[in-house]
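Engineer: Structure provided below as structure tokens; questions to follow.
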Amino acid sequence: MSRQSSKKRGGASAKGNGRAAANGAASDSGRLLRWYRDMLLIRRFEERAGQMYGMGLIGGFCHLYIGQEAVVVGIQACLGERDSVITGYRDHGHMLAAGMEARGVMAELTGREGGYSRGKGGSMHMFSREKNFFGGHGIVAAQVPLGVGLGFSHRYKGEDGVSVVYFGDGAANQGQVYESLNLAALWELPVLFVIENNKYGMGTSVSRAAAGSGLHARGGGFGIPGRLVDGMDVRAVYEAAGEAVAEVRGGRPAILEMETYRYRGHSMSDPAKYRTREEVNQMRRDRDPIERLRHVLESEGHADADALKAIDGEIREIVADAAQFAEQSPEPDPSELYTDVLLEA
Amino acid sequence: MPVAVTMPALSPTMTEGTLAKWLVAEGDRVSPGDVIAEIETDKATMEVEAVEEGIVAGLAVPEGAEGIEVNSTILWLRGEGESADAVPVVEAPPPVADPPPPAPAQPRREASKPQPASEIDYRGETVEITVREALRDAMAEEMRRDESVFVMGEEVAEYEGAYKVTQGLLAEFGPRRVRDTPITEHGFAGLGVGAAFGGLRPVVEFMTFNFAMQAIDQIVNSAAKTLYMSGGQMGCPIVFRGPNGAAARVAAQHSQCYASWYAHIPGLVVVSPFSAADAKGLLKTAIRDPNPVIFLENEILYGRRGAVPTDPDHTVPIGRAKVLRSGRDVTVVAFSRMCAVALEAADALAGEGIDAEVIDLRTLRPLDRETIAASIRKTNRIVSVEEGWPVAGIGSEIAAIAMEDAFDWLDAPVARVTGEDVPMPYAANLEALALPDAARIAAAARAVCYA
């Protein structure tokens, strides 16, 4: 089962394939507006989730994605229906980007019957076979070998699907990540590893946790190309992911390290003593992915203020509806306690 | 009408906190996402963000105020053009009611599959082969039957198995379906689980189950729990198989029984066959099962021969124990290699006039409570035998079942014969002392018979 190894330079600075130019300004506007909408949906959804947590409607761990929206939106834009996605526990944004319903995600957060896992998974454990979203995993880095297994299944079945595996800078130090990189490279599996480097693994900065010259370079010993991307710029993410997905689909794994930032704490209770307010404020002011795209939309004439206001209104309605649904959906029936432990043979 | 912004909770247990700092003042315009205040408890600090757009109509509590109850109003927002003096009198919204106590669930000891029907008495053709060959035949037949079945593990392909269990599979099925892995248990166990999520049916061989401890997070947290956590969406049809229990003269790290470890986990099925026929029939059933199955083999049994059905459609049901020797006086339950030792003990007891019934448990989760209890109702006495350690072992569960399901029929306390409560020693004499033998089983049987 030999496979032609790609001659393409992975990771390096090869330019985009001119997709944007070829598609013309009109479709470019449509795409940018869609990204704006998708990022805003995640932002507003997470803000509402944080508020509902504060009201006691959501319990336990709740890891918000605010600030990192450009990563999933830019990458998802490069994927098709045949591709699969898996991530860790900061997963609400990934699910919304994958097209899962805001109602079902929010109702899972509130632990209700209408949630994607019927209230039995919670914030960190949601799935949608229909959308090829494979979770939602609570153990740091456990999703990485699982994602390589999804890539294996694509290859085994002779499909050309790609498995996208998200993990954070904290997970990047787990041993199973390197077992996974080795297997993916050794067996030439179609896996795109996306490292969401938001600078802090819980309260420990990357510089205090990770040796070496950058997380994107950590596939080097396995021959896996890696590239560092501005994860606060959805267009940069899209361009890098487009190239990487094409390469991975051709039959070899790749790494993208997204430089990103979470505005909120690690989870809901976070003393925030490990970084300064100035640092957070500067990020929000200078690099916010949604504001940056809004500026592009307005300054390049893709949309006027009314169009953006209409999107804001639409998102507000979706989130309000999801919140209402999540509050009104009943708790799971007590009989649910014993269902879904095993499948009938 | 102004909108109230309320005191958020940092955690479900927080009831009150301090408003450490206001970052907005009356008259300020706020947008969703703007930080409006910082709140503190003794454990943490959190920023409060606006969710609605509006103009600050008034602060309901001053900066530095302590003991502010969760869900009480801290700030009023008004819309554009609304009067600033429309702020209502501060009135705490009703607190979120405590959740009602959970409705009593159906009492149920173990979330498990319903008992399967008894196996059919096989009257077809058989062949005399070893357990090793029986396992190989099971895999080969299932791989012929279902293209999604593949075998993966260390040395399973070109080397044909560290214990030669996968002999001939590479030649028949090729490297796509018979995969040598690097020595990377955590990685390939996780890969297997992911492949099962992706629609395949992996058979993952651990060279021995001792090494599966490197991978146990993927087995327990990913394979066993994901179906439940996904509300039934994410089935994981995977078999983890390999030798378990004491080998010979390999010391503590390579001689351990994991039966009770895995039998503890809801979401797993645990099987440990003794005979060659069961090794084949149960492995075939395990591969067809839609759930993760832990299939515990035994190195010392691999060379043992037995009559094995050749019909590829014949399988053995999971969840059914098997009476190996019928008897009236005392029940002895065992699994895997200890069945041989229990049968040896039964022969010795027969010479003394004690008629022992020997039961091969075969499946350890779900345990066949019905067969165990029925036997106790006949013999009124039970001895449990296992190689593993005594504390929280399979024997502990057998004792609980005897008490729960057959208390009134017991004429003596349950006896447990187990491996000694020590790491396995290397020295030949000490190793022999650490493992159950026929003499100890016979002694336990005599004790419960007051003989």
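Engineer: Using the Karplus curve 6.51 cos²θ - 1.76 cosθ + 1.60 with θ = phi - 60°, work out ³J(HN,Hα) for each residue of region A:106-117 in order, rounded to whole Hz, and write x for Gly and Pro.
Structural biologist: 5, 5, 6, 4, 8, x, 10, 4, x, x, 4, 10
Engineer: I'd like the FRET efficiency for residue A:344 and residue A:274, computed as 1/(1 + (r/R0)^6) with the beta carbon distance as r and R0 of 60 Å, rounded to 0.05. Present the calculation step by step, with values, prior to reporting the outcome.
Structural biologist: On the way: r = 49 Å, r/R0 = 0.81.
With R0 = 60 Å, the Cβ-Cβ based efficiency is 0.80.
Engineer: Using amide H atoms built in the peptide plane, which far-off residues or other-chain residues are under 5 Å from residue B:364 H to H?
Structural biologist: The answer is B:270, B:271, B:272.
Engineer: If the cut-off is 17 Å between C-alpha atoms, which aspartates and glutamates fall inside it for residue B:21, apart from same-chain ones fewer than 8 positions away?
Structural biologist: A:270, A:278, B:34, B:38, B:40, B:42, B:47, B:49, B:63, B:66, B:69
Engineer: Which value, in Å², gives the accessible area per residue of region B:3-86 when a 1.4 Å probe is used on the protein heavy atoms? Please report the intermediate quantities before stating the final value.
Structural biologist: Numbers: 3760 Å² over 84 residues.
Value for region B:3-86: 45 Å² per residue.
Engineer: Which parts of region A:264-293 would a label at residue B:42 reach, counting a residue when its backbone N lies under 20 Å from a point 7 Å out along Cα-to-Cβ?
Structural biologist: Under cut-off, by backbone N: A:269-273.
Engineer: Once the Cα gyration tensor of region B:385-451 is diagonalised, what are the square roots of 5 times its eigenvalues, in whole Å and ordered largest first, as equivalent ellipsoid semi-axes?
Structural biologist: Values: eigenvalues 132, 44, 7 Å².
Whole-Å semi-axes of the equivalent ellipsoid: 26, 15, 6.
Engineer: For the protein assembly as shown, build the charge dipole from Cβ charges (+1 Lys, Arg; -1 Asp, Glu) around the Cα centre, then report which of B:419, B:51, B:247 sits farthest towards its positive end.
Structural biologist: Positive-end residue among those listed: B:247.
Engineer: Related question: Under a point spin-label approximation (7 Å from Cα along Cα-to-Cβ), what is the residue B:248-residue B:378 distance to one decimal in nm?
Structural biologist: Reported label-point gap for residue B:248 and residue B:378 is 3.4 nm.
Engineer: Using a Gaussian network model of chain A with C-alpha springs under 10 Å, which one of A:273, A:120, A:131 is most mobile by mean-square fluctuation?
Structural biologist: The residue with the greatest mean-square fluctuation here is A:273.
Engineer: Alpha carbon centre of region A:238-283 versus region A:109-147: separation in Å?
Structural biologist: That distance is 20 Å.
Engineer: For the protein assembly as shown, what value does the Rg/Rh ratio take when both radii are computed over Cα atoms and Rh is the Kirkwood radius, given to two decimals?
Structural biologist: Values: Rg = 30.4 Å, Rh = 29.1 Å.
My calculation puts Rg/Rh at 1.04.
Engineer: In whole Å, what are the Cα extents of region B:322-448 along the three principal axes, biggest one first?
Structural biologist: 43, 33, 23
Engineer: Could you list the square roots of 5 times each eigenvalue of the Cα gyration tensor of region A:127-249, that is, the equivalent ellipsoid semi-axes, sorted largest first and rounded to whole Å? Present the calculation step by step, with values, prior to reporting the outcome.
Structural biologist: Working: eigenvalues 100, 53, 49 Å².
Equivalent-ellipsoid dimensions as semi-axes: 22, 16, 16 Å.
Engineer: Quick check: convex hull over the Cα atoms of chain B, volume per residue in Å³, rounded to an integer? Provide the component values of the computation, followed by the final result.
Structural biologist: On the way: hull volume 95.3 nm³, N = 451.
Dividing the Cα hull volume of chain B by its residues yields 211 Å³.
Engineer: Based solely on its DSSP helices, what 222 nm [θ] is calculated for the protein assembly as shown when runs of n ≥ 4 H residues each add -39,500 (n - 2.57) and the sum is averaged over all residues, nearest 500 deg cm²/dmol?
Structural biologist: Details: 22 runs with 260 residues, N = 796.
Here the helix-only value at 222 nm equals -10000 deg cm²/dmol.
Engineer: Continuing with the same structure: Would you mind working out the magnitude of the charge dipole of the protein assembly as shown relative to its Cα centre, with +1 at each Lys and Arg C-beta and -1 at each Asp and Glu C-beta, to the nearest 20 Debye?
Structural biologist: Working: 80 positive and 110 negative charges, 450 e Å.
Magnitude of the dipole: close to 2160 debye.
Engineer: Give the angle, between 0 and 90 degrees and rounded to the nearest 10, that separates the Cα long axis of helix B:185-197 from the longest principal axis of the Cα atoms of chain B.
Structural biologist: Taking the Cα atoms of chain B, the angle to B:185-197 is about 80 degrees.
Engineer: Turning to a different aspect of this structure: Give the long-range amide H neighbours of residue B:149: residues separated by 5 or more places, or on another chain, with amide H under 5 Å away, using H modelled in the peptide plane at 1.01 Å from N.
Structural biologist: Amide H neighbours of residue B:149, under 5 Å, 5+ apart: B:201.
Engineer: Could you list which residues have their amide H under 5 Å from that of residue B:20, counting only those 5 or more apart in sequence or on another chain, with H placed in the peptide plane?
Structural biologist: The list, which skips near neighbours in sequence, is B:38, B:39, B:40, B:64.
Engineer: Now a separate question. Only four residue types carry charge here, +1 at the Cβ of Lys and Arg and -1 at the Cβ of Asp and Glu. Report the dipole size of chain B about the Cα centre in Debye, rounded to the nearest 20. Numbers along the way, then the final one.
Structural biologist: Values: 39 positive and 65 negative charges, 473 e Å.
Roughly 2280 debye, rounded to the nearest 20.
Engineer: Determine ³J(HN,Hα), in whole Hz, for all residues of region B:60-76 in sequence, where each value follows from phi through the Karplus function 6.51 cos²θ - 1.76 cosθ + 1.60 and θ = phi - 60°; x replaces Gly and Pro.
Structural biologist: 3J(HN,Hα) across region B:60-76, in whole Hz: 8, 9, x, 4, x, 5, 9, x, 7, 5, 4, 6, 7, 6, 10, 7, 10.
Engineer: Looking only at other chains, what is the average number of their beta-carbon atoms within 10 angstrom of each beta-carbon in A:172-184?
Structural biologist: Working: counts 0, 0, 1, 4, 11, 1, 2, 13, 7, 1, 4, 8, 2.
For this peptide, the per-residue mean of nearby foreign Cβ atoms is 4.
Engineer: For region A:24-335, give the magnitude of the charge dipole about the Cα centre (Cβ charges: +1 Lys/Arg, -1 Asp/Glu; no others), in debye to the nearest 20.
Structural biologist: Working: 35 positive and 42 negative charges, 135 e Å.
Roughly 640 debye for region A:24-335.
Engineer: Filter the trypsin sites (Lys or Arg not before Pro) in region A:70-111 to those in DSSP coil with at most 14 other Cβ atoms within 10 Å of their Cβ, and list the result.
Structural biologist: Numbers: sites: A:82, A:90, A:103; in loops: A:82, A:90.
Sites meeting the loop and neighbour criteria: A:82.
The values are calculated or read from the model by the stated rules, or taken from the named source; none is laboratory data. Bear in mind the structure is a predicted one, so any value in this text is a computation, not a measurement. Note: ideal-geometry Cβ built from the backbone for every residue, glycine included; neighbour counts use all protein chains shown. Note: accessible area is taken over every heavy atom of the protein model, side chains too, but ligands, DNA and RNA are not part of it. Shrake-Rupley method; radii C 1.70, N 1.55, O 1.52, S 1.80 Å.
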